[in-house]
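Quick notes on the structure that follows.
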Amino acid sequence: MILQALKEYYDRKASDSDGALAPEGFEVKEIPFVIVIDSMGRLVQIEDTRSGDGKKKRAKSFLVPLGEKKSVNVAANLLWGNAEYVLKIPDAKKLEDRKRKGKEDDYLARLEEMHKAFVDKIKSQAPVDDIGVLSVLKFCESIPLGQLEGHAENWNEIRSSNPNVTFRLNAESDLVCQRPSVIQALQRKVKPTASPPPSTEERETHISMTPPPGTEDEETARGVCLVSGELSEIERLHPSIKGVWGAQPSGANIVSFNQRSFESYGKEGRQGDNAPTSKAATFAYTTALNALLGRDSKQRLQVGDASTLFWAERPDEMETAFPDLFGEPPQDDPDCNTRAVESLYRSVQSGAFSTDSANTRFYVLGLAPNASRISIRFWHGGTVAEMAGRFRQYFDELKIVHGPKESPYLSLFRLLVNTASLGKADNIPPNLAGDVMRAILAGSPYPATLLQAAIRRIRAEQALKDKNSGKPIPNVNYPRAALIKACINRNSGKEELTVSLDESNTNQAYRLGRLFAVLEKAQEEANPKINATIRDRYYSSASAAPSTAFPILMRLKNHHVSKLENRGRAVNLERLIGSITDGISSDGFPSHLSLQDQGRFAIGYYHQRQDFFKGKNTGDNAE
């Protein structure tokens, strides 16, 4: 299903007029330097395509013939490649290393072999009667090193970094490898005559006639493609996928079988037979994935350790809305998240998602690194209408009273980072982000680890102080309160916890949280200059084992209330405490609270604290 959806996305983008994805047989590659030559193969100039400053310089991307898979063997690309292949010049670092090991001659001989492979590839696969191709061959016959050295700055960079280079004819805008005759030659090579889907009898015949492992031609073995269902040439090794956060820079694979223990019975001879995918389908899904994961892609989002990709089967506004709904808003546009959510609400309310376009399929794929492979962290497909409904449910559940300067809608990253130690993204608990995203997409209960993580951070930071001012930092803050409320309401299947203070809520844990907030408030008003409140010492024990903490806190309360100069305020606090304790069991304070009840305690505490500031702010209540 994943590979099929990716192939469909490739087919959709490849047919677009903007040429967003490379056609079969080609790829989009960054080429730092272009060798400009005339029709006789003479050097005109070295063109530097890079832009930016210093180490941030970035090369321009070009559509070039599909490169060979990375290999220890000599494997040249058509009309482009690194400086070793194209210009027959040694890589400075490699040459120094070979000299140190006494293998300089071997390296220089390999350079000759590499350049010969580059020239032979042009002669065998490119139209040699094309003026551009002929010019490149003439240039390669006697590479003008002296003239190249005249372009000192670019030449020194080429010698030191061994970058990819290619050719362009003087006074032309397209590269030689982009000339119409070259493109036509490659398309004829990669576009075999289409075969209809095989019948059941043909499938059985093909299976029964499959030669013993190791006896078939690795390049021409045929089988039934699991993506298209057609009898096609099967790809043995799939190209690497690059751009997954945390994976190897050289890339990793989704489909990969490199040991006997991973291979199916009778499929030992060809790794590709374990997941038979045609060459065309393999190219399509890997090209689509690499495009979605590209540095310039607007259809990727980092959710914890999962590189999250999203696309629709045909153009849809949800593709552009998704990153604004769940991503961290950019510094130059902090309100884009709010606008996206408000637009989502308007669309649902106006019935925009009840039209035919709502039946468009929308896909979300989460990829995480796993050694030299890529693991699927989550995968979900549904209609745009279904997704919109679940996204609205998610934002509804997160609504909770907050300060006027705080965003009404928080990004998923901001929520998750508040469950991590030191507030660092690297410390977000493993798999948590993927599990949360899966729950959002499917409308299923949130993982228990989300509630655990939020409560763990609340208890760990009960005495946290600002490093500059020394003032206490709220441990039950807006993002954690929103997460806890969402977890409890969704997992209980009802709106158990409201957006703001609910005085009618008789749950003991909720009332104990409110009581703790009132006791803390009494202490603060009795000692306005206090730097540490009862929260610093007693929050953890009060929220987990109330019977051990509240008897002490109630005695301290008497001392604090007696110190208040405003006796009317003292009476009001005593009345509030009485109204809260009236709903607590006559058996006294409970000996312990479950994890769910610790969450309710936190929300009761948060609601009551926010309610104390109702008269100090306009709009949303705030601490």
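The values are calculated or read from the model by the stated rules, or taken from the named source; none is laboratory data. Worth saying up front: this structure is predicted, and the values here are computed from it rather than measured. Cβ coordinates were reconstructed from backbone atoms using ideal geometry, including for glycine residues, and neighbour counts include every protein chain displayed.
When we screen R600, R569 for residues that are basic (K, R), modelled with pLDDT of 90 or more, in contact with a helix residue (DSSP H, G or I) (Cβ under 9 Å, 6 or more places away or on another chain) and farther than 21 Å from D502 by Cα, the only hit is R569.
Would a scan of region 476-485 turn up a residue that is touching a residue at least 60 places away in the same chain (Cβ under 8 Å) and in contact with a strand residue (DSSP E or B) (Cβ under 8 Å, 6 or more places away or on another chain)? Within region 476-485, none of the residues are touching a residue at least 60 places away in the same chain (Cβ under 8 Å) and in contact with a strand residue (DSSP E or B) (Cβ under 8 Å, 6 or more places away or on another chain).
For region 132-146, the set of residues classified as in a helix (DSSP H, G or I) and in contact with a helix residue (DSSP H, G or I) (Cβ under 9 Å, 6 or more places away or on another chain) consists of G132, V133, S135, V136, L137, C140, E141, L145, listed by residue number. Applying the criterion of being of a type in the set (S, T, N, Q), part of a loop (DSSP other than H, G, I, E, B) and surrounded by 12 or more Cβ atoms within 10 Å (Cβ to Cβ) to the residues of region 168-213, the residue that is modelled with the highest pLDDT is N170. Kindly evaluate R537 against the criterion of being farther than 27 Å from Q452 by Cβ and charged (D, E, K, R). So R537 fails the test.
Scoring D53 on the criteria (1) closer than 30 Å to A126 by Cβ; (2) without any contact (Cβ under 8 Å) to a residue 60 or more places away in the chain; (3) acidic (D, E) leaves a single failure, condition (1).
Only a single criterion out of (1) buried (at least 16 other Cβ atoms within 10 Å of the Cβ); (2) in a loop (DSSP other than H, G, I, E, B) is not satisfied by P334, namely (1). In this structure, is R98 touching a strand residue (DSSP E or B) at 6+ places or on another chain (Cβ under 9 Å) and assigned by TED's automatic domain parsing to the domain that holds G41? Here the answer is no, as R98 does not meet what is asked.
Just one residue in the set K121, K101 is closer than 30 Å to P23 by Cα and of a type outside the set (S, T, Y); that residue is K121.
Quick check: is even one residue across region 69-89 surrounded by fewer than 17 Cβ atoms within 10 Å (Cβ to Cβ), touching a Lys or Arg at 6+ places or on another chain (Cβ under 8 Å) and over 14 Å from P163 (Cα atoms)? Yes - at least one qualifying residue is present in region 69-89.
A count restricted to region 401-429 and to residues that are in contact with an Asp or Glu (Cβ under 7 Å, 6 or more places away or on another chain) and assigned to a loop (DSSP other than H, G, I, E, B) stands at 5. Out of all the residues in region 486-505, is one or more surrounded by 20 or more Cβ atoms within 10 Å (Cβ to Cβ), over 25 Å from L553 (Cα atoms), β-branched (V, I, T) and assigned by TED's automatic domain parsing to the domain that holds I580? Checking region 486-505: at least one residue is surrounded by 20 or more Cβ atoms within 10 Å (Cβ to Cβ), over 25 Å from L553 (Cα atoms), β-branched (V, I, T) and assigned by TED's automatic domain parsing to the domain that holds I580.
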